[in-house]
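Shown next, in structure tokens, is the structure this report addresses.
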Amino acid sequence: MTGETDRDKAVESLFAKRFGAVPQAVASAHGRVNLIGEHTDYNEGFVLPCILSQRTLVALSLRDDDRLEGDSAQFGSASEQPGAVPTGHWLAYVEGAVAMMAEAGAPQRGVSVVVDSDVPAGAGVSSSAALGVALLKALAAAHGMDRPDPALLARMAQRIEHEFIGLQCGIMDHMVSAVGAKASAMRLDCRDLSYSLHPLMAGVEVLVIHSGSGRKLSEGQYNARVAECRAACDALGVGALRDVSAGDLERLADGTAHRRARHVVHENDRVHAAITALASGDAASFGALMMESHRSLAADYDVSSPVLDSLVEACRDAGALGARLTGAGFGGCIVCLVRSGDADSVLAAAMKAVPEARLIDRIAS
Ligand code: GLA
């Protein structure tokens, strides 16, 4: 495996080869796995993600014109004028990042950019947030902005998804990508963006396993969940489901609104309980909370799938402490907590249950 500096140097020389000059800035941002706290971020609740070892690197220079020109082994080459980028194209992230910087007062200039990423796309591990955050970090550096506030960069990266991609996502992915640290869970309050980093427990490993099935049609389903939560808030007369208690739920007459809100309310409680378990090194309780989270995501939030359920069950039956779908759901990855000595047998059981499954990352303290 190439080290961090090797990859930094490689992306720099790719840029030099492609554009004939040294890039003005190189930056990177990691993908993430969420340990617990799913579909709570856009409800102003709590999450507990952790960065992956995979990251996206960006090398770029500002141009004299306003053209956006990009090259990436993973995403392809493209050159467009702002305003003409096809919907959903990766250059839309570049366009969005340039627009965000211009709003922050930087002169509006085009960019030449090279991107290299080993964060798997479409796997629910935040490849898009990693791209957005890496682009913004590099652009900030190219514009000479000294140490931009990571929370500000995260907010900008989230706005790129809302305004240039059409996904009404929360802030979790961008925040952990902007401020997360290795082998640390980040407790994030998605209302005020206050956070703390907590080392993972000793003697356990976090396995991130791709189900092999992509998140088909997930944007529409995801935005539908965001709208359902909004409808539940309107019915209860609150601004966000974060402020709803278990007792309030019976006031929700609509069955779907009730189930969605029930998931969010209890998932926030599970995040607090998981942090307590983490602090006391209680891996068994942490794992049990992950299992409960998965059941709730499947039964109340309707974002699981047969293949995700099979993987979670196979891991549990093979002795995992806990397992659950991670990210938006509808395919993508599961996250699994195992005692270190059990990692290989749990992985083997997962692959046997779902032959298309593959290990994405293993994280240990
Ligand atoms: C996606 C979104 C996040 C979050 C998760 C679900 O990853 O980008 O903001 O809502 O789904 O927890």
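Computed from the coordinates by the stated procedures, all read-outs in this text should not be read as laboratory data. Computed from a prediction, not measured in an experiment: that's the story for all the values here. Heads up, the Cβs are rebuilt from the backbone with ideal geometry, glycines too, and the neighbour counts pull from every protein chain shown.
Along the Cα→Cβ direction, 7 angstrom out, place labels at Ala183 and Ser79. What is the inter-label distance in nm?
4.6
If contacts are Cα pairs under 8 angstrom and at least 6 residues apart, what is the relative contact order of the stretch 1-62 in percent?
Relative contact order of the stretch 1-62: 38 percent.
Tell me, in nm to one decimal, what length is gained between Ser280 and Ala102 on full extension, where the rule is 0.36 nm per residue of separation less the Cα-Cα distance?
The span from Ser280 to Ala102 would gain 59.5 nm if fully extended.
With an 8 Å cut-off on Cα pairs and a minimum separation of 6 or more residues, tell me the relative contact order of the stretch 164-223 in percent.
So the answer I get is 34 percent.
Just need the relative contact order of the chain here, percent rounded to a whole number, with Cα pairs under 8 Å and 6+ apart.
21
Suppose R0 equals 35 Å; then what is the FRET efficiency for Ser194 and Ala21 from their Cβ-Cβ distance, rounded to the nearest 0.05?
The value I calculate is 0.25.
Please report the net charge: other residues with Cβ closer than 13 Å to the Cβ of Gly237, K and R +1, D and E -1.
-1
Considering only C-alpha atoms, what is the centroid distance from the stretch 1-43 to the stretch 170-233, in Å?
Spelled out, the Cα-based centre of one part sits 19 Å from the other.
Count the lysine pairs in the chain that are 8 or more places apart or on different chains: how many have C-alpha atoms under 25 angstrom apart?
Going through the chain pair by pair, I get 6.
State, in angstrom, two size descriptors of the stretch 1-154 derived from its alpha carbons: Rg to one decimal place and Dmax to the nearest whole number.
Final numbers for Rg and Dmax: 15.4, 47 Å.
Using a 10 Å cut-off on Cβ atoms, rank the peptides 202-210, 346-354 from the highest mean neighbour count down.
202-210, 346-354
Which peptide among 267-280, 125-138 comes first, and what is the full order, when sorted by highest mean count of other Cβ atoms within 10 Å?
Put in order of decreasing packing, that is 125-138, 267-280.
Sorted by mean Cβ packing within 10 Å, highest first, what order do the peptides 285-296, 13-24, 74-85 take?
285-296, 13-24, 74-85
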